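Have a look at the structure below before the remarks.
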Amino acid sequence: MPIAFELNNLNLHYGSSHVLKNINMKIPKHHVTALIGPSGCGKSALLRCLNRMNDLMERVKTRGSVKLEGEEINQSSHDIIRLRRRVGMVFQKSNPFPMSVFDNVIYGLKIAGIKDRKVLRDTCERCLRAAALWDEVKDRLHESALELSGGQMQRLCIARAIAINPDVLLLDEPCSALDPIATGRIERLIHDLRDHYTLILVTHNMQQAARLADYTAFLLNGELVEFNETSTLFTVPLERRTEDYITGRFG
């Protein structure tokens, strides 16, 4: 099976806090992988290691290897801008820019110097369609994105992320601030995108992981306790700690 990310002995420190401890895993390409575990277990920290967003924080130290399709991304010489074009990210709280819907979607292309109006228009429509948002906003493209609903904003952020043609989408609890209807739309979107991208999803909702993910990783206290196919991890976990968590004994 093709591998998107390979992590070897990955450790992460925030100051004196040892956040991730000797993480070893291979994340398959063109599948959905969920990261689950109680609050503070290291899920989001691990996600941010995959596009080096942790570099933006103070007193961060990373040791170990993270390879994206065989290319080491933790080297100081690695092109971070190129990395973040390949690995897009959607955050827990939708963060559209204070500009029009159209300008939000094509923002990354304009930053890259693309000025061809036809390319920009076609990309905007393609990505909004892919994000299942086109029919809702096609007559509002030049209105402020901040006027959209919460669920629409989150789908807009996904459209913006895929406009630069990434290989991977990182999703950090993308539904946690949404109502059930908007959550359902985002979940259907994630399901539809799985054939085109590698998706890595942090979620506090185990039912969501079971519905969406092909593979699931369970983290606890900064350690990777178990990583397996989702159906196996949720029905016949190999570790007692995994069973205790998914059956609600703690967390």
Against the rule of thumb 2.2 N^0.38 Å, how large the Cα Rg of segment 1-102 comes out: 1.14
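Show that you can apply the helix-only estimate: for the chain, add -39,500 (n - 2.57) for every DSSP H stretch of four or more residues, divide by all residues, and state [θ] at 222 nm to the nearest 500.
On the way: 11 runs with 89 residues, N = 251.
Helix-only estimate at 222 nm: -9500 deg cm²/dmol.
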Nearest 10 degrees, 0 to 90: helix 117-130 Cα axis against the chain principal axis: 50
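With a cut-off of 8 Å between alpha carbons and a minimum separation of six or more residues, what is the relative contact order of segment 192-240 in percent?
Values: 35 pairs, mean separation 12.1, N = 49.
Answer for segment 192-240 is 25 percent.
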Zero-based 5 Å bins, Cα pair distances in segment 109-251, whole percents: 2, 8, 17, 19, 16, 13, 9, 7, 5, 3, 1, 0
Contact order relative to length of the chain, as percent, for alpha carbon pairs under 8 angstrom and 6 or more apart: 27
For the chain, the Rg and Dmax computed from alpha carbons only, in angstrom: 18.3, 57
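Report the net charge of residues surrounding Gly88, where surrounding means a beta-carbon distance below 10 angstrom and charges are Lys +1, Arg +1, Asp -1, Glu -1.
Summing Lys and Arg as +1 and Asp and Glu as -1 gives +3.
Taking a ≥ b ≥ c as the square roots of the Cα gyration tensor eigenvalues, with a/c under 1.5 meaning rounded and otherwise prolate when a/b beats b/c, else oblate, which class fits segment 80-187?
Working: a/c = 1.84, a/b = 1.19, b/c = 1.55.
Oblate is the answer for segment 80-187, as a/c is 1.5 or above yet b/c matches or exceeds a/b.
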Listed pairs Lys67/Lys110; Lys26/Lys115; Lys21/Lys110 exceeding 32 Å between Cα atoms: Lys26/Lys115; Lys21/Lys110
Candidate aspartates and glutamates - alpha carbon under 12 Å from Lys29, same-chain residues fewer than 8 apart omitted: Glu6, Glu69, Asp167, Asp195, Asp214
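When N counts the residues of segment 179-218, how does its alpha-carbon radius of gyration compare numerically with 2.2 N^0.38 Å, as a ratio? It would help to have the intermediate numbers written out before the result.
Values: Rg = 10.1 Å, N = 40, 2.2 N^0.38 = 8.9 Å.
Expressed relative to 2.2 N^0.38 Å, the Cα Rg reads 1.13.
First select every other residue whose beta carbon is under 12 angstrom from the beta carbon of Ala131; then total the charges, Lys and Arg +1, Asp and Glu -1.
Combined, the nearby Lys, Arg, Asp and Glu give +2.
At a Förster radius of 45 Å, what calculated FRET efficiency corresponds to the Cβ-Cβ distance of Leu56 and Phe250, to the nearest 0.05? Write out the running numbers ahead of the final one.
Numbers: r = 32 Å, r/R0 = 0.71.
Approximately 0.90, to the nearest 0.05.
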Under Karplus coefficients 6.51, -1.76 and 1.60, residue-wise ³J(HN,Hα) of segment 60-68 in Hz, glycine/proline x: 9, 10, 10, 10, x, 10, 10, 10, 9
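Here, each number is a calculation from the coordinates, and none is a lab measurement. Note that this is a predicted model, so its numbers are computed, not measured. Note that we place each Cβ from the backbone using ideal geometry, even for glycine, and neighbour counts take in every protein chain shown.
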